[in-house]
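Reading through the structure tokens given below for one structure.
The values are calculated or read from the model by the stated rules, or taken from the named source; none is laboratory data. Nothing here was measured: the structure is a model prediction, and the numbers come from that model. Please note: Cβ atoms are built from the backbone with ideal geometry, for glycine as well, and neighbour counts cover all protein chains shown. Remember, those area values only see protein heavy atoms, side chains included, never the ligands or the DNA or RNA. Shrake-Rupley method; radii C 1.70, N 1.55, O 1.52, S 1.80 Å.
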Amino acid sequence: MAARDTGSLLVVGLLLFIHTWGAWGAVEVNMEDRVEVELGDTAQITCMFTTEDGIGGTIIQWYYVKYTGEKQRIYYLESGMSYAEKGTPLSDRISVNGTGATGVVVLTIEDVQLKDELEFICIVKSLTVGTAEGRTKLRVFHTPEMPRIEGVQKGISVREDGLSKIGTCEVNNGYPQPSITWYKGNMPIRSVRGVINVVPSITTESTGLYSVKSELSMKVVKEDEDELFYCEIKYSIPGGTNMMETPTINVTVFYPHTALEMWIESPKGHIKEGDTVTIQCSGDGSSPSTFTISGPKNSSSDSDVLVVENVTRLNTGDYVCIALDMESFNDIIVNTSVVVNFLEDVVIKPAEIIVPKGGELQATCNALSSLPTKAAWLKNGQEVSKNHTLDVKDVTFDMAGTYECVVTAQEVEGLESSGAMRVHVEGGPKIQTLNSTEVEESMDTMVPLSCHVRGYPHPNVSWSTSEGKIVPTTSEKETNDVVISSAIVKVTGDFIVYCNATNTFGDDSVAFNIKAKSRGVIIAVIIVCILLLAILGSVLYFLYKKGKICGRSGKQDLNKGKSGKDNIVVEMKSDNTEEAVLLGVNGEKQAPNDQ
């Protein structure tokens, strides 16, 4: 019994020794849980291990797990010898860095494909202390293309039964599968039975990438006409997630009119005769509708705009707009009033008036209008009164002529009318001369004369001389109670010409004193000029003798001749001969060679 117990203790002790020794020399392998890489990039999977055996006592093998669960070896490394297994999908694209001497080996996979998304196993086997393994999952990613959104092209009525399609969003060629979320404004849209329905569809392309499509249908309301819809796409990338957004779309929502509005678009403010009036009609709905507008004088339009050109006061009245809903065939009616303001022709009383000189001028000016008016009287463009009545006392000839009365409507710009009145100031003639009555001209000169004569009735004007001769009138015209008469006389000596004016109220005359200029004065002037020329010639010749003209040596030549006062000569030449005649101061001729 004691011997049996002793043997049992020896077996237990041996087992404990073996277990402890194995723990000291066990193989350990450390690997990342996952490695993430973009499609087409290069992936590196690291295997780190520890073992008491050297490189010669260690075998390293790489496997991947098939979709069936089986393991497929792809790489073998032992005692510095390594090779990739042939005939696997990875044979041409993998390599292993390191010999294991440092406890690190790296599996490199080039041009990563979607089918490479597998679990990879690194198995390290020690010839003395056992075997250990580590596993890493390879994740492959591909960023999808830019998403597209398309809204319905036709309008949607709020009266439609059931749900109406709003639009579709689509994103193609992503991996893993991207997701689509609809937004209305800034709020995400979720399916609600009978109100909103979001239907996704997923397509796996031949490349293994995913394309996702989402269709939104909903029950539209009036408020949706101002809403913007868009889609948000979320997709995975190495190390996290990313997102993209589509452009926004809106939908045309048809809803019935509940009220109409009618207004005058132009002109703004008061309307006057001759204007072009534009009337518009609009409703608060958006359903397809037909509009008609009608008004006085058979003015009408089969649209929501009515244009009436060159309106008159007969266009004043009520205008009616009718909107017929093409879905329900219900109509709505609204009206508005139009007032066309007018101003008739000016009436002046009297239109022509004769006022005695020194008397009083009175006239009235009015025009029938739909608005209050104001009047202004003008003469020669200058304002003389601001009342409908013109009242002028102590009238003079200057007040004769044409007066214009302008009547304007006070509240409408451009609405005005005007008329004219002719005023004659009755009185005897009054002559005005525009030039001097003292005239001095040479004999036989023709002298024009004129005089302006005021008075009414228009005076008769005649011309005569102090010798009793009648001078014919060359022209005569009448303007604004002024007679302008002209005559032409010939200067034959000193005499007087009379401008005579007369009418039933008296007469007037003006005398023009005509004087002939004397011929003796002219002769005296000519003689003085000749003497001045002679003196100038003498001075020039004197300077010539002194040698101060033209730089000639005339002084030496002249010294050879005679000296004395007779040597002062004047040389006179004609244009037709080279011969010069020299005259001394005493008037004697000298030969040219004596010069």
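Overview of results
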read-out: Selection count, the stretch 446-475, where residues are surrounded by 15 or more Cβ atoms within 10 Å (Cβ to Cβ) and either of a type outside the set (A, V, I, L, M, F, W, C) or farther than 30 Å from residue 357 by Cβ (or both); value: 12
read-out: Residue count for the stretch 363-393, restricted to those that are open to solvent by 30 Å² or more (accessible area, probe 1.4 Å) and free of Cβ contacts under 8 Å to residues at least 24 places away in the same chain; value: 7
read-out: Residue satisfying all of: in the stretch 51-90; surrounded by 13 or more Cβ atoms within 10 Å (Cβ to Cβ) and among the small types (Gly, Ala, Ser); modelled with the lowest pLDDT among these; value: 79
read-out: Residue among 123, 156, 180 that is modelled with pLDDT of 95 or more and either among the aromatic types (Phe, Trp, Tyr) or closer than 20 Å to residue 214 by Cα (or both); value: 180
read-out: Condition met for residue 374 (charged (D, E, K, R) and more than 46 Å from the chain's Cα centre (by Cα)); value: no
read-out: Among the residues listed as 440, 467, the single one being at pLDDT below 95, in a strand (DSSP E or B), of a type in the set (Asp, Glu) and over 30 Å from residue 274 (Cβ atoms); value: 440
read-out: Residues located in the stretch 394-412, provided they are open to solvent by 60 Å² or more (accessible area, probe 1.4 Å) and in contact with a Gly (Cβ under 8 Å, 6 or more places away or on another chain); value: 394, 404
read-out: Pair list, Cβ under 9 Å, 6 or more apart: the stretch 186-208 residue touching a residue at least 60 places away in the same chain (Cβ under 8 Å), other residue outside any strand (DSSP E or B); value: 207/114; 208/113; 208/114; 208/115
